[in-house]
Amino acid sequence: MDTPLSRRTILAAGAGAAAGLSLPGVAARAGGHPPVTVRFRLNARVLDGGEQVTSITLDTSRLGPIDPAGLSTGTFGVHAKATSPIPIAPGDAIYSEYDLDRTVTAVRLDRHGDIVLELSHGEGQLGGGTLGYIAGRGRNVRLDLVYTITQLAPIVLRDHRSITISRFVQGRLSDPEVDAFSYHVSRSGMKYRLYSPAHGGRGRRPLIVWLHGGGEGASLPDNYYDNETTLRANRGALGFATPQAQRIFSGAYVVAPQSTSYWIEDGPRFAPLIREIVRELAHRYPVDRDRIYVAGCSNGGYMSMEMTTVYPDLFAASVPICGVVQSLEPGGPRLITDAELRRISTPTWLVTSRDDTTVPPGPNTLHAHDLIPGSLLTLYDHVVWNGYQFPGHWSWIYVARNDPSIGGTHIWQWMARQRR
């Protein structure tokens, strides 16, 4: 028996919030049964170009056994709105906000009996991202997401009854890779995320320190300091937490500190704060102090080199990616002097791309390679992955995929072999 209710639901909720409104006049299903309310979660995944919502899971298992043959891409409609969590100043702009319908590419039942709506997504595709870039701040922020679900056709159960949901309630944003990193704040107040390797085995574990780019620090003067964008903007830290990397490093801790501004703003001041986090982790967890590695991109590439000049005996290896060396001001002093580069004794593998127009390789990565004793270099022509060409500055994508290799040895294997 078909007992439909209103097919339109109106949702009012921010990212991770849970709130919903029914249409006026929808009080109960036919036959006196109460309205059907279903919660849903947003499922996200960090692509090389940043995190996107890739599917939605509706909590429908409690409705009864659903006939999957009755589900199609036309059963539900999805509208998404993404807005900045902080005010945008007059004359400023934020990129990647959106207010649009998202395409449902497939509908299926998961093993719990919940309905999963697969959404169109991909590199360079507008309308699925979880981050927005504020131009005047030079920062990524986690967007407030509001998803509205519209049921367009009844759900058919195996007993031939059909159900129309009266209200959808938005739940959390779920990204298993990001969620695997726990939240922490150091004694000095620097936020960081930590991945802990799976239990099992004996002995101490390596520690990999990932230092983010300029867009993932705090946004001042808004005091936006979220401990989120460091993991959601790219796969830099996540790559080292993948099963492949964990096998290569025999289980490693991965820590991603978040700067309170730009690393290049005052590297010598930030260096002790990062060292404090390393010290805390080495004291709290079974960290092998002879296998602590540092890697970072852009601002973080600079900071990776800066850390090895300030603490020459701390790291077993350093991987600066498209790192900044020259001054950002024409004619200004270098951020890292030639004398400091020549004194770096930490094994160093530098990575960049020839078409990087943000941090030109010549006066930065190539210059550092010429001066750092024994350093290795991987120089790409372009940044292309899975057939998609990214901006030339994004060479961290290659490191996150363990692509750089020299003489048959890939960069993760090289790192894992280094000892302090």
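The values are calculated or read from the model by the stated rules, or taken from the named source; none is laboratory data. Keep in mind it's a predicted model, so treat the numbers as computed, not measured. In this analysis, Cβ positions are derived from the backbone assuming ideal geometry, glycine residues included, and neighbour counts consider all displayed protein chains.
Have a look at G132, G122, G128, G136 and point out the one that is at pLDDT below 95 and farther than 16 Å from V38 by Cβ. It would help to see each step written out before you state the result.
Details: G132 fails: at pLDDT below 95; G122 fails: at pLDDT below 95; G128 fails: at pLDDT below 95.
It is G136.
Hey, can you tell me all the residues within the stretch 226-245 that are over 25 Å from V185 (Cβ atoms) and either in contact (Cβ under 8 Å) with a residue 12 or more places away in the chain or touching a helix residue (DSSP H, G or I) at 6+ places or on another chain (Cβ under 9 Å) (or both)?
We begin by selecting, within the stretch 226-245, every residue over 25 Å from V185 (Cβ atoms); these are 242-245.
T242, Q244, A245 - these are the residues of the stretch 226-245 that are over 25 Å from V185 (Cβ atoms) and either in contact (Cβ under 8 Å) with a residue 12 or more places away in the chain or touching a helix residue (DSSP H, G or I) at 6+ places or on another chain (Cβ under 9 Å) (or both).
I'd like to check which strands (runs of 3 or more DSSP E) are fully inside the stretch 140-224 and have at least 1 residues that are charged (D, E, K, R) and within 21 Å of the chain's Cα centre (by Cα). Steps first, answer last, please.
On the way: elements: 144-151, 167-174, 181-185, 191-195, 205-211.
In the stretch 140-224, the matching strands (runs of 3 or more DSSP E) lie at 144-151, 167-174, 191-195.
Among the residues of the stretch 357-373, write down those that are aliphatic (A, V, I, L, M) and either assigned to a loop (DSSP other than H, G, I, E, B) or outside the structural domain of G267 (by TED's automatic domain parsing) (or both). Give the derivation first.
First pass over the stretch 357-373, keeping only residues aliphatic (A, V, I, L, M): 359, 366, 368, 371-372.
Once the filter is applied, which keeps residues that are aliphatic (A, V, I, L, M) and either assigned to a loop (DSSP other than H, G, I, E, B) or outside the structural domain of G267 (by TED's automatic domain parsing) (or both), the stretch 357-373 yields V359, I372.
Inside the stretch 147-163, can you point out the residues that are at pLDDT 95 or above and among the hydroxyl-bearing types (S, T, Y)?
Answer for the stretch 147-163, where residues must be at pLDDT 95 or above and among the hydroxyl-bearing types (S, T, Y): Y147, T148, T150.
Scan the stretch 403-413 for residues that are buried (at least 19 other Cβ atoms within 10 Å of the Cβ) and touching a residue at least 60 places away in the same chain (Cβ under 8 Å) and jot them down.
The initial filter retains those residues of the stretch 403-413 that are buried (at least 19 other Cβ atoms within 10 Å of the Cβ), namely 404, 411-412.
Residues satisfying the conditions are I411, W412.
Here is a list of conditions, (1) at pLDDT 95 or above; (2) surrounded by fewer than 21 Cβ atoms within 10 Å (Cβ to Cβ); (3) out of contact with any helix residue (DSSP H, G or I) (no Cβ under 7 Å at 6 or more places or on another chain), and D266 meets all of them except one; can you say which number that is?
D266 satisfies all of (1) at pLDDT 95 or above; (2) surrounded by fewer than 21 Cβ atoms within 10 Å (Cβ to Cβ); (3) out of contact with any helix residue (DSSP H, G or I) (no Cβ under 7 Å at 6 or more places or on another chain) except (1).
Within the stretch 55-117, considering only strands (runs of 3 or more DSSP E) that don't extend past its boundaries, which have at least 2 residues that are more than 30 Å from D226 (Cβ to Cβ) and not assigned by TED's automatic domain parsing to the domain that holds D222?
76-83, 104-109
Filter the stretch 308-335 for residues that are in contact with a helix residue (DSSP H, G or I) (Cβ under 9 Å, 6 or more places away or on another chain) and either without any contact (Cβ under 8 Å) to a residue 40 or more places away in the chain or of a type in the set (K, R) (or both) and give the result.
T309, P312, S318, R334
Would you confirm, using the coordinates I've provided, whether S353 is polar (S, T, N, Q), assigned by TED's automatic domain parsing to the domain that holds D290 and at pLDDT below 95? Steps first, please.
Numbers: polar (S, T, N, Q): yes; assigned by TED's automatic domain parsing to the domain that holds D290: yes; at pLDDT below 95: no.
Judged against the criteria, S353 is not a match.
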